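The values are calculated or read from the model by the stated rules, or taken from the named source; none is laboratory data. No experiment lies behind these values; they were computed from the predicted model shown. Every residue, glycine among them, receives a Cβ derived from its backbone with ideal geometry; neighbour counts consider all protein chains shown. Just the protein is used for accessible areas: all its heavy atoms, side chains included, with ligands, DNA and RNA removed. Shrake-Rupley method; radii C 1.70, N 1.55, O 1.52, S 1.80 Å.
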Amino acid sequence: MDLPRHHVIREGDLRILNPFSPAKLATLGQAIKLRAGDRLVDLCCGKGELLRSWHLAHGIRGIGVDISTAFVAEAREYAAGLPVEFVHGDAAGFVAPEPADVVACIGATWIGGGVAGTIEILERSLRPGGMLLIGEPYWRLEPPDQQTVEACHAQTRDDFRPLPELVAHFGDGLGWDLVEMVLASQDSWDRYAAAHWLNIRTWLDANPDDELAPQLRAELDTDPVRHVRYRREYLGWGVFALRKRG
């Protein structure tokens, strides 16, 4: 059980594996009013930067789970000596050993087949009255055609919602209050996407004969244009803090 190798190559030395800057991650931690000693669970935690940086800034402790052996190894290395733990495994089946104050899935709602199913997974580890964090794309602009939809990593227009529909879905559809949000910007999208291109090019220079080289060469040939033509214009992304309605 592991991520395909091309994901690890693409992320390279990135610490945050989504279109969030360190400043936005810090803003999110401040906005949800973390307190020293809060217990956090981060499903699909990547390299663990949320837990690591929020422990240093706020004194939280917690557990991160990810399917990538490489990401978990890096998370453990960067957070060595801190009261945060990283587990290699399938986040969809994970339940924390004790209920947490905050449970997060930042940008990986595929583990539950979408927002609703992922909230059900997260709630298994949440204490009564606790907070969920969901990272999710949304349409900034209505996609005009199927080509735009597919260039934004979707199969159909209905894979994502416009921001007002997404916010309404949290409340009227699922019964959770939206209590905070921090949204990616076009600049933070650029920083994330462009870092992939440099990581891929650096890897190709060092590994021209690897079996993955043709696939990654093709990605580098096409992804920059897809990003500037489609994703940075049409696709938004944000982290949404939710509390269950009473």
Being charged (D, E, K, R), within 17 Å of the chain's Cα centre (by Cα) and crowded, with 18+ Cβ neighbours inside 10 Å, is that true of even one residue in the stretch 25-38? no
Which residues, counting only those in the stretch 42-58, are within 18 Å of Val103 (Cβ to Cβ) and touching an Asp or Glu at 6+ places or on another chain (Cβ under 9 Å)? Asp42, Leu43, Cys44, Cys45, Gly46, Gly48, Leu50, Leu51, Trp54, His58
Give the number of residues within the stretch 188-225 that are among the hydrophobic types (A, V, I, L, M, F, W, C) and without any contact (Cβ under 8 Å) to a residue 60 or more places away in the chain. 8
From the list Ala241, Ala184, Ala194, exactly one residue is closer than 29 Å to Ala26 by Cβ and in contact with an Asp or Glu (Cβ under 7 Å, 6 or more places away or on another chain). Which is it? Ala241
Looking at the structure I just gave you, is Phe94 within 16 Å of Thr118 (Cα to Cα) and in contact (Cβ under 8 Å) with a residue 40 or more places away in the chain? yes
Which condition breaks for Val149 when tested against (1) within 20 Å of Leu174 (Cα to Cα); (2) out of contact with any strand residue (DSSP E or B) (no Cβ under 8 Å at 6 or more places or on another chain); (3) not acidic (Asp, Glu)? (1)
Restricting the search to the stretch 170-185, which residues are modelled with pLDDT of 95 or more and over 16 Å from the mean Cα position of the chain (by Cα)? Phe170, Gly171, Leu174, Gly175, Trp176, Asp177, Leu178, Val179, Glu180
Is it the case that Ile67 is touching a Leu at 6+ places or on another chain (Cβ under 7 Å), aliphatic (A, V, I, L, M), at pLDDT 95 or above and open to solvent by 30 Å² or more (accessible area, probe 1.4 Å)? yes
Across the stretch 83-106, what is the number of residues that are closer than 23 Å to Gly129 by Cα and touching a strand residue (DSSP E or B) at 6+ places or on another chain (Cβ under 6 Å)? 12
Tally of residues being in a loop (DSSP other than H, G, I, E, B) and closer than 21 Å to Trp54 by Cβ across the stretch 100-125: 3
Might you let me know whether the stretch 166-188 holds any residue that is in contact with a helix residue (DSSP H, G or I) (Cβ under 6 Å, 6 or more places away or on another chain) and over 29 Å from Arg243 (Cα atoms)? no
Enumerated strands (runs of 3 or more DSSP E) restricted to the stretch 1-99, each holding at least 2 residues that are at positive phi: none
Condition (residue is without any contact (Cβ under 8 Å) to a residue 40 or more places away in the chain, open to solvent by 10 Å² or more (accessible area, probe 1.4 Å) and aromatic (Phe, Trp, Tyr)) applied to the stretch 71-79: is it met by at least one residue? no
Meets criteria (open to solvent by less than 80 Å² (accessible area, probe 1.4 Å), out of contact with any helix residue (DSSP H, G or I) (no Cβ under 9 Å at 6 or more places or on another chain) and under 20 Å from Val182 (Cβ atoms)) for Leu122: no
